[in-house]
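J.: Take this structure, written in structure tokens, and hold onto it; I'll ask about it next.
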Amino acid sequence: MYISFFREFPGCGNLVTFAQFLFIALEGFVFETNFGRKKAVIPIRNYVIMVTMFFTVSVVNNYALNFNIAMPLHMIFRSGSLIANMILGVIILKKRYSAEKYLSIALVSAGIFICTIMSAKQVNASSEGSEEQSFSAFVHWLIGIAMLTFALLMSARMGIFQEMLYKQYGKHPKEALFYNHCLPLPGFLLLSTDIYNYCNHFSQSTPVLVPVVGLTVPIMWIYLLINVITQYVCIRGVFILTTECTSLTVTLVVTLRKFLSLIFSILYFQNPFTAWHWLGTFVVFVGTLIYTEVLSSIQAALRGAKTKKAE
């Protein structure tokens, strides 16, 4: 559903993000803070820092789609968040990892590099006109890649900052969910003109009849409502998983969701995807599985089954 917005209106990301933030903030204000009567456990100043990074990442990711960045490449790039987090963990937190973890870095980086290079060739091939126009389109695309890279690193830095807060104050996922979506709302005033313009575009989309209500509503507003609800369920589910399951399970679930979303976007929306893109995607997926130690767990389970069978 999120992809369909950008197929119809490539620059509507700020409106979609604002609607998601507003819905989650209102829900949290009622059920988490009890209409503002419940105080935050983690000091607000820390949430302000986290939210500044969160808001920046969301806006930069949205604007990157205006720079010849295809949605599949956008999703592949963001799948490297684990690797970016790992690299910054080594630099900032002085962490050390096993050889398998470093192998996963190489694989995910290689997969992203393959898809990026192939997308660059498609940008050059699709650019019609003079050589100067082709070069301009390519530079435009490079700016989009730079924006995605910045957002990826900023997102990883935010994850490390959040990890440090949880170690100091304990885990409060519902509180973090609320403040991460409530505090950025004033920042959308800077994007009010863009949001207003796309509100008008949405209102001019094809009207459809809502069966139960009996009202005629522009279809893009219906899509937006569905997107907001499903995004809320998704984000809340991830925050619940972090308290109910191990980080390995959470990482695997999120990774599989991204992978399935990518495949869906390619098949349903018929995005151009070559054999090289599939290879890059496969390498990214394998690298992420190695990072989460899923392959090692499967091998250990198989060895255990063989041992029991032999006994």
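Coordinate-derived values only; no laboratory data. Keep in mind that this is a model prediction, so the values were computed, not measured. With ideal geometry, Cβ positions are generated from the backbone for all residues, glycine too; neighbour counts draw on all protein chains shown.
J.: Just add up the charged neighbours of PHE29: K/R +1, D/E -1, any other residue whose Cβ is under 11 Å from the Cβ of PHE29.
T.: Working: positive: ARG37, LYS38; negative: GLU27, GLU32.
Charge balance in the 11 Å sphere: 0.
J.: If each of VAL238 and THR193 carries a label point 7 Å out from its Cα toward its Cβ, how far apart are those two points in nm?
T.: Placing both labels 7 Å beyond Cα along the Cβ direction yields 3.2 nm.
J.: Residues with beta-carbon under 12 Å from that of LEU165, excluding LEU165: net charge, scoring Lys, Arg +1 and Asp, Glu -1?
T.: Values: positive: ARG45, LYS167, LYS171; negative: GLU163, GLU175.
Residues close to LEU165 contribute a combined charge of +1.
J.: Extending each Cα 7 Å along its Cβ direction at PHE135 and VAL212, get the distance between those two points in nm, one decimal.
T.: Going from the PHE135 label point to the VAL212 one covers 5.8 nm.
J.: Using a 7 Å offset from the Cα along the Cα-to-Cβ direction at both PHE35 and ILE222, what is the distance between the two label points in nm, to one decimal?
T.: 3.5 nm
J.: Another one. Please label the shape of the range 187-241 as rounded, prolate or oblate, based on the square roots a ≥ b ≥ c of the eigenvalues of the alpha-carbon gyration tensor (a/c under 1.5 means rounded; beyond that, a/b larger than b/c means prolate, else oblate).
T.: Values: a/c = 3.64, a/b = 1.17, b/c = 3.10.
The shape class here is oblate.
J.: Same structure, new question: R0 = 22 Å: FRET efficiency of ALA146 with TRP276, Cβ-based, nearest 0.05?
T.: Working: r = 22 Å, r/R0 = 1.00.
Plugging the Cβ-Cβ distance into 1/(1 + (r/R0)^6) gives 0.50.
J.: Over 31 Å between Cα atoms: which of LYS38/LYS167; LYS39/LYS94; LYS38/LYS101; LYS39/LYS95 fall into that group?
T.: Numbers: LYS38/LYS167 22 Å; LYS39/LYS94 34 Å; LYS38/LYS101 41 Å; LYS39/LYS95 34 Å.
With Cα atoms farther than 31 Å apart: LYS39/LYS94; LYS38/LYS101; LYS39/LYS95.
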